[in-house]
Amino acid sequence: MTALAVLLLQVLACVGFGAVVLRLLRIDRTLQWAERVSWSFVLGIGILGWLIFWLGVSGLFSPLPMALVLIAGVPGVAFLGRPEGLSGAPLSPLELFLLAVLLLALSLDGLEGLSPPADADTLAYHFAIPKLFLQEGRIFFIPRAVDGAAPLLLQMTYGVALGLGGEKALTLWTMVSGWGTALLLFVLARNHMNRAWALAITLIWLTTPAVLYGGGAGQVEVRNAGFALLAVAALMRGHKAGWLRYAALAGLAAGLFMGSKYTGLLFAAAAVGALLTLRRWPLQAVVFGAMALLAGFQWYLWNFLHTGDPVFPMLFPLIGDANYPYWDADHYLAFRNDLFQGERAIPNTPLWMLAYPFLATFATSGAFDSGRAGLGPFLLLILPFAVAGFWRYRRDIATGPWRAPVIVFTLFYVFWFLSGSSQRVRHLVPLYPVVLLVCAYLAIRWTESAKAGWPLYLAGIFTLGIQMAGHGASSLNYARYLFSDETRKAYYERNISGYSAVEWINKNLSGSDKILFLNRQLHYLIDVPSYYAYPSSQVLIDVLPTVDDPKLYYRQLVKQGITHILSEAIWAGRQPSEVEKRGYGLWRVLLANGCAEEVGSVPYNLILSRSLDSRQANGRRQLILKLDKKTCTLK
């Protein structure tokens, strides 16, 4: 099947699955047609991932069963009904301009969607794991923290696109599924503000640096933002009607968020806080919880069955070393230092929690990662007007539907910050459209009542100007590939550090070999069996920097079936330090003791910036070693 045909089929199937669920919950008749489409698509993305899990654990993670699932979803589109309520006032010049800018932004997105994937996290696991599952024809347990034994609901949808339409269908699917959040945001915004502002808010979201960073790639935050928006929209409707069906829908959306990322657990807890303010809240909470559990339990049960820990490896201190497979105390300490300490710039205290949004906006620390993946300036620019609107209309908020999103994003932020986890700004992306919608609504309402709208107009113009410029700059990388005769090899050589090793490996190794590697960006690109040995996230091959036991290292390599090792980047002619001889560098001891031989050497070019095409040919190389059991003296 061609990539475009697969994309169309997958979109229709998702809309169909979502429409069926909305009909079963008897919610579709309460929605306008545009709402039915946007709600169905976002909901259907999660339902597709939920269904494909069962194929995977049944050993049916292959194209034909996937195609049958998609075909089964398409008839549900009929539940959308005929379009109605789409006619309105003619577009004003401002709206035509915003629509043109929106089309330009989507076109720039399309450049990424038509190019090979190059984002590091995407290549490391978002795309690599579905590829591995397809090669095996089943889902299997990957005993690696964060990116292996983790909620992978959205990656199931990536597997469908890759399995049926190849890489082009996969990159187009991540682009279009990311647009689902933007469509839902526009529809929700249109219910509470005029068309021009709804378009502007949608544009601001689409061009937010963090959205550009991960929206068109495999990173899940932008798609999780769709689940968060859908849950909040259902809670707002539930406040008005008091119907349990909206609690059920909110629970489904929260559960899909849970099934896609561990932070979905924080979101579900925050949503329960909003439910406590509704009528019949005990029953509402029970319905919400049951549906969230139904939608989100799969990967937590999967982890539990293999490790005894549904949130592997977070419960290691409670379960203990003796009863915990695939983990130990040394790796837990290293894991905490990497993820919790290494990605935190400020203490997780209430005072710093208040300061964080300002510090992160101005990129005061590299740990925030807000220089390349921040949330943009718009919220900070309109904050005074949003606060003024909140104060003026506080009674309406306290008793009306807007209470739900305010409670949800406030509690989520508190839970997230005080948890002491990574302080990277992009972890807040799933709640950003909720905050954007609420703050824009309050600021617009206050400035209209005060007849002082010009500051908001300036804030919007300033934000869109900066963000569209950034979007254009980041798209040059993809335009260069698409509009020139550049080959895929040349594209990756200027986008992926150490890519030369991939060319050597895929050319010289076969399916009977298995190579150990450290550079995560190579994972998806390596076509032969491989083992990704990140030091602090797996224990089967212990390469922590403190490890200095070459005999154990060799035994672990043999046990995992490793035949080759790709070294880290080394300087030719320079003697390694004692630190470099330990951990992953133990290959040097193998080489010295006849346990391995050098069979290849490739240059290592460091990529400093993909967007700016900044590279550094620094004279380093990577070695490819082949294990030699016959001459090894370490047995």
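Laboratory data are not the source of any read-out in this text; all were calculated from the coordinates shown. Keep in mind that what you see is a predicted model, and the values were worked out from it rather than measured. Neighbour counts are summed over all protein chains in view; Cβ atoms, including those assigned to glycine, are modelled from backbone coordinates with ideal geometry.
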- prompt: Under the rule of -39500 (n - 2.57) per DSSP H run of 4 or more residues, summed and divided by the residues of the chain, what mean residue ellipticity at 222 nm is obtained, to the nearest 500 deg cm²/dmol?
  reply: -18500 deg cm²/dmol
- request: Can you run the Rg to Rh ratio on region 324-400? Use alpha carbon positions and the Kirkwood inverse-distance Rh.
  value: 1.19
query: Dipole size in debye (nearest 20) for region 496-627 around its Cα centre, Lys and Arg Cβ +1, Asp and Glu Cβ -1?
result: 40
task: Provide the gained length on full extension for the span ILE461 to SER577, in nm with one decimal, where the gain is 0.36 nm per separating residue minus the Cα-Cα distance.
output: 36.4 nm
query: LYS559: which lysines have alpha carbons under 23 Å from its alpha carbon, excluding same-chain residues fewer than 8 sequence positions away?
result: LYS514, LYS551, LYS581, LYS626, LYS629, LYS630, LYS635
message: Give me the percent relative contact order of the chain, please, defined on Cα pairs under 8 angstrom at least 6 residues apart.
response: 13
- request: State the answer as a single residue: which of GLY366, GLY472, PHE79 lies farthest towards the positive end of the charge dipole of the chain, with beta carbon charges of +1 for Lys and Arg and -1 for Asp and Glu, about the Cα centre.
  value: PHE79
- prompt: Could you give the distance between the Cα centres of region 177-211 and region 515-531, to the whole Å?
  reply: 38
statement: The rounded separation in angstrom of the Cα centers of region 392-470 and region 548-575 is 50
query: Gap in Å between the Cα centre of region 259-338 and the Cα centre of region 94-157?
result: 23
query: Angle between the Cα long axis of helix 298-307 and the longest principal axis of the chain, 0 to 90 degrees, nearest 10?
result: 30
Reference-scaled alpha-carbon Rg (2.2 N^0.38 Å with N residues) for region 496-627: 1.02
statement: Sparse-neighbourhood loop hits (trypsin sites (Lys or Arg not before Pro), region 1-89; DSSP loop; Cβ within 10 Å at most 12 others) -> ARG26
query: Ranked from highest to lowest mean number of other Cβ atoms within 10 Å per residue, what is the order of the peptides 404-413, 307-316?
result: 404-413, 307-316
statement: Listed by chain and number, the residues whose amide H is under 5 Å from that of VAL599, excluding neighbours fewer than 5 places away on the same chain and using placed H, are ILE624, LEU625, LYS626
statement: Between ALA592 and VAL528, the FRET efficiency computed from the C-beta separation at R0 = 41 Å comes out, to the nearest 0.05, as 0.95
field: Neighbour net charge for LEU623 - beta-carbon separation under 12 angstrom, K R +1, D E -1
entry: +1
query: Going highest first, how would you order 271-280, 173-182 by mean Cβ packing within 10 Å?
result: 173-182, 271-280
- prompt: Does anyone have the angle between helix 378-392 and the longest principal axis of the chain? Alpha-carbon axes, 0 to 90°, nearest 10?
  reply: 40
- prompt: How would you rank 192-205, 157-170, highest first, on the average number of other Cβ atoms within 10 Å across their residues?
  reply: 157-170, 192-205
- request: Tabulate in residue order the Karplus-calculated ³J(HN,Hα) for region 110-119, using 6.51 cos²θ - 1.76 cosθ + 1.60 with θ = phi - 60°, rounded to whole Hz; enter x for Gly and Pro.
  value: x, 4, 5, x, 8, 9, x, x, 9, 5
field: Distance (nanometres) between label positions extended 7 Å along Cα→Cβ at ALA322 and ARG82
entry: 7.2
query: Roughly what angle does helix 403-418 make with the longest principal axis of the chain, taking Cα atoms, 0 to 90 degrees, to the nearest 10?
result: 20
- line: Other residues with Cβ under 11 Å from the Cβ of GLN575 give, with Lys and Arg +1 and Asp and Glu -1, a net charge of +1
query: Net charge near TYR326, counting Lys/Arg +1 and Asp/Glu -1 over other residues with Cβ under 10 Å of its Cβ?
result: -1
query: Full extension from ARG279 to HIS306: what is 0.36 nm times the residue separation minus their Cα-Cα distance, to one decimal in nm?
result: 5.7 nm
- line: Of the residues THR122, VAL287, ALA398, the Cα lying farthest along the dipole of the chain towards its positive end, which is defined by charges on the beta carbon of Lys, Arg, Asp and Glu, belongs to ALA398
- request: Check each of the chymotrypsin sites (Phe, Trp or Tyr not before Pro) in region 480-515 and keep only those in coil by DSSP with at most 14 other C-beta atoms within 10 angstrom; list them in order.
  value: PHE483
Low-density loop positions, GluC sites (Glu not before Pro), region 520-598 - DSSP coil, at most 11 other Cβ in 10 Å: GLU578
- prompt: Along its principal axes, what span do the Cα atoms of the chain show, with the longest given first and each in whole Å?
  reply: 81, 54, 48
field: Isolated Cys residues of the chain, judged by Cβ distance under 4.7 Å to other cysteines
entry: CYS14, CYS439
- request: Taking the Cα centre of the chain as origin, sum charge times position over the Cβ atoms of Lys and Arg (+1) and Asp and Glu (-1), and report the length of that vector in debye to the nearest 20.
  value: 1160
task: Work out the length of the dipole vector of region 419-546 about its Cα centre, built from +1 on the beta-carbon of each Lys and Arg and -1 on the beta-carbon of each Asp and Glu, and round it to the nearest 20 debye.
output: 340
- request: State log₁₀ I(q)/I(0) for region 464-516 at q = 0.20 Å⁻¹ as given by the Debye formula over alpha-carbon point scatterers of equal weight, solvent excluded.
  value: -0.80
